[in-house]
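A short worksheet on the structure shown next.
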Amino acid sequence: MSAFAALAIFLVAFYFIATEKANKVKVVLIAAGLMAVLGLIPGAEVFFSEHEGIDWNVIFLLLGMMIIVGVIKQTGVFDYLAIWAAKKSRGRPYRLMVMLMAITAVASPFLDNVTTIMLVAPVTIVVCNRLRIAAQPYLIAEVLASNIGGAATLIGDPPNIIIGSRAGLTFNDFLVHMAPIVVVIFAVFVLSARWLFAGSFQYNADRVAEVMALQERRAITDPRLLTRCLVVLAAVVAGFGLHAVVHVDPSIVALVGAGVMLLVSRANVSEVLREVEWPTLVFFMGLFVMVAGLVHTGVIAAIGTWALDTLGNDYFVAATALLFGSGVLGAFFDNIPYVATTAPIVEGVVAAAPDPQTGQALWWAFALGADFGGNGTAVAASANVVAIGIAARNGHKITFWQFTRYGIVVTAFSTVLAWLYVWMRYFT
């Protein structure tokens, strides 16, 4: 009975989020409250268990990076990069989109997709404002590119970190097995973007001429502060890359980096904190509690166990089910808690595999489905929610369905290409 109640609350809340008939922060807070009042979440443990509660690593990673971006913003570097990008693309919409997508996709495997979006999104908004074009298509394209690019490495996407830890997979394992198909899918995405966003490409010759006449160096308002900020940012990025070696979580690296950034910049803390996307952080916390209700009552585990039990000993069918099933479920339940919950089920199936190669194929199918499923809806991955929050704060609102209609298409061809890759590489 509790499982039905948890599922009903989640589906009703998701309906209101999808239709935008109510503010999404209010919706998740009410839904989370109902989960608690009805005893559908594990009491106080919801604040302490990352598998059945709020993932504070994600929350504090976002908070730290929001503070860092808030300080860097004061240097004028985002205006500099925006003018530079506009001039390099000569204001051509598709060329500009490809440039921003490429920067995002290349950075995401090494920074993680949330951090990349928090750094690239402000630049995108500034350049679109300069050219007087709608920023929404460019932001959506960047998020989709980020989720694709982030799948290439262990640290590029939070679900990969969970899978790598559970399966004993290294950074190089991900690079060898995931990067090839990620490159192919990104290339297909770049080509498809021309028709996918065809109605959004606007060219204003007069405005482009004005931007081309600008001197981007003049946008830097405080060179000394920028130098200090870039040194701190470089240290934070290095910390992200070495977290598996030094055993310090990215969230701690981000928080320490934020503190050092505030210290060396002597910025007004109150002003910087106003740049933090507090509604986005609250939304994440409420969403984690909602998913915790599904986890604690066994809804997600039951779905996963039932699906895998029906497959028997056909491991190619199992890989197919994991890939497409993760793509669908990860799109609706947020791929971080989904992967954390489903990974133990996959581990059990892998243990029964006839040989290590088949077992690894199941892990890669699971990772590909979860990563690319993150593009499925506006709430499927952390980067999606963060980008939508930044867009709304800057007057470029992205609706749930505006994002999702593009995300569904990209998820569909990504999972199909990934399935062909898994079939040809591991089962032929």
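The values are calculated or read from the model by the stated rules, or taken from the named source; none is laboratory data. It should be emphasised that the depicted structure is a prediction, and the values quoted were computed from it without experimental measurement. We place every Cβ from the backbone using ideal geometry, glycine too, and count neighbours over all the protein chains shown. The area values use the complete protein model at the heavy-atom level, side chains included, leaving out ligands, DNA and RNA. Shrake-Rupley method; radii C 1.70, N 1.55, O 1.52, S 1.80 Å.
Report, by residue number, each residue of the range 215-266 that is of a type in the set (Ser, Thr, Tyr) and not in a helix (DSSP H, G or I). Please lay out each step first, then the result.
Step one: of the range 215-266, the residues of a type in the set (Ser, Thr, Tyr) are 221, 227, 251, 265.
Hit for the range 215-266 is 221, nothing else.
Exactly one condition in (1) more than 20 Å from residue 113 (Cα to Cα); (2) at pLDDT 85 or above; (3) of a type in the set (Val, Ile, Thr) is false for residue 220; which is it?
Every condition holds for residue 220 apart from (2).
Here are 40, 63, 100, 81: which of them is part of a helix (DSSP H, G or I), over 30 Å from residue 178 (Cα atoms), in contact (Cβ under 8 Å) with a residue 24 or more places away in the chain and not hydroxyl-bearing (Ser, Thr, Tyr)?
Details: 40 fails: part of a helix (DSSP H, G or I); 63 fails: over 30 Å from residue 178 (Cα atoms); 100 fails: over 30 Å from residue 178 (Cα atoms).
Going through 40, 63, 100, 81 in turn, the sole match is 81.
Can you tell me which of 385, 291 is of a type in the set (A, V, I, L, M), under 30 Å from residue 274 (Cβ atoms) and touching a Pro at 6+ places or on another chain (Cβ under 6 Å)? Full working, then the answer.
Working: 385 fails: touching a Pro at 6+ places or on another chain (Cβ under 6 Å).
Residue meeting the stated conditions: 291.
On the basis of being open to solvent by less than 20 Å² (accessible area, probe 1.4 Å), among the hydroxyl-bearing types (Ser, Thr, Tyr) and free of Cβ contacts under 8 Å to residues at least 60 places away in the same chain, does residue 326 make the cut? Give the derivation first.
On the way: open to solvent by less than 20 Å² (accessible area, probe 1.4 Å): yes; among the hydroxyl-bearing types (Ser, Thr, Tyr): yes; free of Cβ contacts under 8 Å to residues at least 60 places away in the same chain: yes.
Answer is yes for this residue.
For the range 58-78, check the following and say yes or no: at least one residue is surrounded by 17 or more Cβ atoms within 10 Å (Cβ to Cβ), more than 30 Å from residue 218 (Cα to Cα), at pLDDT 85 or above and β-branched (Val, Ile, Thr).
no
Answer with yes or no whether residue 8 is open to solvent by 30 Å² or more (accessible area, probe 1.4 Å) and not in a helix (DSSP H, G or I). Give the steps one after another, and end with the answer.
Working: open to solvent by 30 Å² or more (accessible area, probe 1.4 Å): yes; not in a helix (DSSP H, G or I): no.
No, not satisfied.
Can you tell me how many residues within the range 379-428 are outside any helix (DSSP H, G or I), closer than 24 Å to residue 291 by Cα and touching a helix residue (DSSP H, G or I) at 6+ places or on another chain (Cβ under 7 Å)? Walk me through how you get there before you give the answer.
Taking the range 379-428 as the starting set, the residues that turn out to be outside any helix (DSSP H, G or I) are 379-381, 394-399, 427-428.
With closer than 24 Å to residue 291 by Cα added as a condition, the list becomes 379-381, 398-399.
Imposing the further condition that a residue be touching a helix residue (DSSP H, G or I) at 6+ places or on another chain (Cβ under 7 Å) reduces the set to 379-381, 398.
The total comes to 4.
What about residue 319, is it over 21 Å from the mean Cα position of the chain (by Cα), in contact (Cβ under 8 Å) with a residue 24 or more places away in the chain, part of a helix (DSSP H, G or I) and buried (at least 24 other Cβ atoms within 10 Å of the Cβ)?
Details: over 21 Å from the mean Cα position of the chain (by Cα): yes; in contact (Cβ under 8 Å) with a residue 24 or more places away in the chain: yes; part of a helix (DSSP H, G or I): yes; buried (at least 24 other Cβ atoms within 10 Å of the Cβ): yes.
Answer is yes for this residue.
Six or more apart or on different chains, Cβ under 6 Å: which pairs go from a residue in the range 14-25 that's under 17 Å from residue 384 (Cβ atoms) to one that's of a type outside the set (A, V, I, L, M) and open to solvent by 70 Å² or more (accessible area, probe 1.4 Å)? Could you list them?
Listed by first residue and then by second, the contacts come to 25/279.
Look through the range 358-388, keep the residues that are open to solvent by 10 Å² or more (accessible area, probe 1.4 Å) and at pLDDT 90 or above, and return whichever of them is nearest to residue 157 (Cα to Cα).
363
So which residues in the range 393-417 are of a type in the set (A, V, I, L, M) and touching a residue at least 24 places away in the same chain (Cβ under 8 Å), if there are any at all?
Initial filter on the range 393-417 (of a type in the set (A, V, I, L, M)): 398, 408-410, 412, 416-417.
Of everything in the range 393-417, those that are of a type in the set (A, V, I, L, M) and touching a residue at least 24 places away in the same chain (Cβ under 8 Å) turn out to be 398, 408, 409, 410, 417.
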